[in-house]
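Values in this text are rule-based calculations from the coordinates and carry no lab data. Remember, it's a predicted structure, so these values are computed and weren't measured experimentally. Counting neighbours? That spans all protein chains shown, and the Cβs are built from the backbone with ideal geometry, glycine included.
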Amino acid sequence: MTSLVVSTSMTGSQGGTSLRGGSGDRPRRVAFGSAVWIAIVALTPVERTISFSFGGLPAHGVLVAILACAAFGRLARPAFSSVWPVLALLSLAAGLLTGAGVNPTASFWTGARFAIIIGLAPFVLAFYVRASPRFAIRATWAFVAVQTVSALAGFLQFGGAAVLGQVARGGRANGLAGHPNILGLMSSLALLAVLRWVIGRNKGWLPALVVLVPIHLGTLVTSGSLSGTMALVVGLPVLLVAQRAVTRIVSAGLLVVAIVVPVASAGGASFAFLGDRVSERVSSVSGVGDDATGSLLDREQTYNYAIESIRTHPVIGRGLDGESSGTFNGVTVVHNYPLRAWFQGGVLLAVVALVVYSMGALAVVNGIVQGRWALPVAVVAAILVYAGSAAFLVQYQYWIPLLLAFAALPSSVRRTGGAVRDPRSTPPALRSSNQAPVVTSSLVRPGRRQG
């Protein structure tokens with residue numbers, strides 16, 4: 001782990017609290033915290049599988065990491081720094097006021113845990129992004145490495161094998177994600193990260209293009225996740241336009257086809273199944289299939305159920321506990337983040353959802369207009385699009401990648417003539433005179449020319 005390059009203490013005006021202790025132990029302390037958060041980010045693609053074995057321990061471990069970092073002053077100002085504490089208070093209040101649920105106590109603690117995540121994690125992650133110049137790169141590649149293992153497990157499942165007790169669900173690969181939709185989203189995020197690396201012509205870009213891109217594209221198909229596919233369909237154009245690299249990525253795509261297709265065909269592989277898989281999933285989602293959470297008909301029933309419940313209790317939600325999440329059949333949850341937030345968490349949690357979408361839209365628009373922060377804004381766009389049609393609410397496996405993307409943005413994403421409005425929010429060692437800070441958030445090695 002690269003040692004800390006910031007020699008000056010970071011005061012409140014510089015976006016963080018001072019690092020206490022002698023100069024000799026500062027790098028070690030930051031390196032240890034960086035390693036912990038790299039591990040947390042890396043394991044998000046397989047969080048559900050880990051939780052199957054260890055129960056709530058992984059989630060509690062994340063909360064302990066957040067609170068410990070906050071206690072030791074590992075905080076810096078992220079983008080929208082004044083908004084996150086307000087969202088935390090609203091989430092806490094939403095958990096307290098959802099008294100109509102089956103388990104009000106569990107609902108409150110769910111709201112409290114989510115308040116910790118959304119209120120403190122952006123500041124903690126922003127600290128490590130700014131304090132360690134390679135943190136974002138290492139966290140991203142650790143994520144891609146774990147997701148690649150999960151993707152390969154998905155291929156085995158699609159072929160009929162069981163991996164760690166998990167098999168394909170209705171012909172759809174789970175990988176090590178625990179659910180096809182989660183596998184689809186994580187593969188889409190991995191694809192965005194790999195393509196950003198390829199666009200920058202960074203070290204190893206050609207193997208990444210020829211090996212990792214086909215793996216994760218294939219996983220997206222075998223997962224049968226239309227929500228995950230939509231995340232890529234929206235996130236990829238955002239990445240390309242923000243990076244000003246449409247021509248390069250099209251050329252890279254043609255290169256992949258020119259290399260992979262002949263090699264795979266020579267090995268006896270057939271690509272006809274790709275069209276069959278897409279057609280099969282479209283039929284299932286449109287109601288021809290019998291997947292209870294997949295068809296448009298069943299989703300429409302969950303939406304109607306949630307809307308009727310909101311009309312009856314527009315202020316107080318059903319409850320954030322798992323037992324209160326079921327809709328028309330008592331099991332299927334609402335597959336739309338803002339609607340589910342209102343249905344379960346009442347109007348307060350609905351406000352949280354709408355504010356998150358508003359911040360995401362502002363970040364994406366500014367990233368596109370200014371041609372900056374290509375990977376972070378693409379990740380924000382992808383996850384929020386996914387959330388619009390998935391069982392998204394307070395799961396930290398979704399929120400940690402989303403909040404890391406927000407944390408990788410400078411403390412102000414508003415247009416200020418090509419510069420960040422308050423450059424003091426980033427330590428001096430990470431700034432240059434002609435470029436916005438946090439260059440590592442674009443997944444480019446220090447010293448290399450961007451895009």
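Report the extension gain between ARG201 and VAL365 in nm, rounded to one decimal, defined as 0.36 nm multiplied by the number of residues separating them, less their alpha carbon distance.
That pair, ARG201 and VAL365, stretches by 56.5 nm at full extension.
Sort out for me the Cα centre separation of segment 84-138 from segment 143-194, rounded to whole Å.
First find each Cα centre; the distance between them is then 27 Å.
Ordered by residue, what ³J(HN,Hα) values in Hz, to whole numbers, does segment 224-237 give under the Karplus form 6.51 cos²θ - 1.76 cosθ + 1.60, where θ = phi - 60° and Gly and Pro are x?
x, 8, 6, 5, x, 5, 5, 4, 6, 4, 8, x, 5, x
Residues of segment 373-393 with backbone nitrogen within less than 14 Å of a virtual label 7 Å along the Cα-to-Cβ line of VAL233, please, listed as ranges.
Zone members listed by number: 382, 385-390.
Across segment 184-197, in residue order, what do the Karplus-derived ³J(HN,Hα) couplings come to in whole Hz, using 6.51 cos²θ - 1.76 cosθ + 1.60 with θ = phi - 60° and x for Gly and Pro?
x, 5, 5, 5, 5, 5, 5, 4, 4, 5, 5, 5, 5, 5
Once you put a point 7 Å from the Cα of SER358 and another 7 Å from the Cα of SER82, both along the Cβ direction, what distance in nm separates them?
1.3
Extension gain VAL315-ALA145, at 0.36 nm per residue separation less the Cα-Cα distance, in nm?
So the extension gain works out to 56.9 nm.
Which value, in debye to the nearest 20, gives the size of the charge dipole of segment 57-195 about its Cα centre, when Lys and Arg are +1 and Asp and Glu are -1 at the Cβ?
Computed charge dipole of segment 57-195: roughly 240 debye.
Calculate, for SER51 and ASN329, the FRET efficiency according to 1/(1 + (r/R0)^6) with r their C-beta to C-beta distance and R0 25 Å; round to the nearest 0.05. Intermediate values should be presented prior to the final figure.
Values: r = 24 Å, r/R0 = 0.96.
Efficiency for this residue pair is about 0.55.
By counting other Cβ atoms within 10 Å of each Cβ, how are SER324, SER223, SER150 ranked from fewest to most? Before the final figure, lay out each step's value.
Details: SER324 21, SER223 34, SER150 25.
Least crowded to most crowded, the residues run SER324, SER150, SER223.
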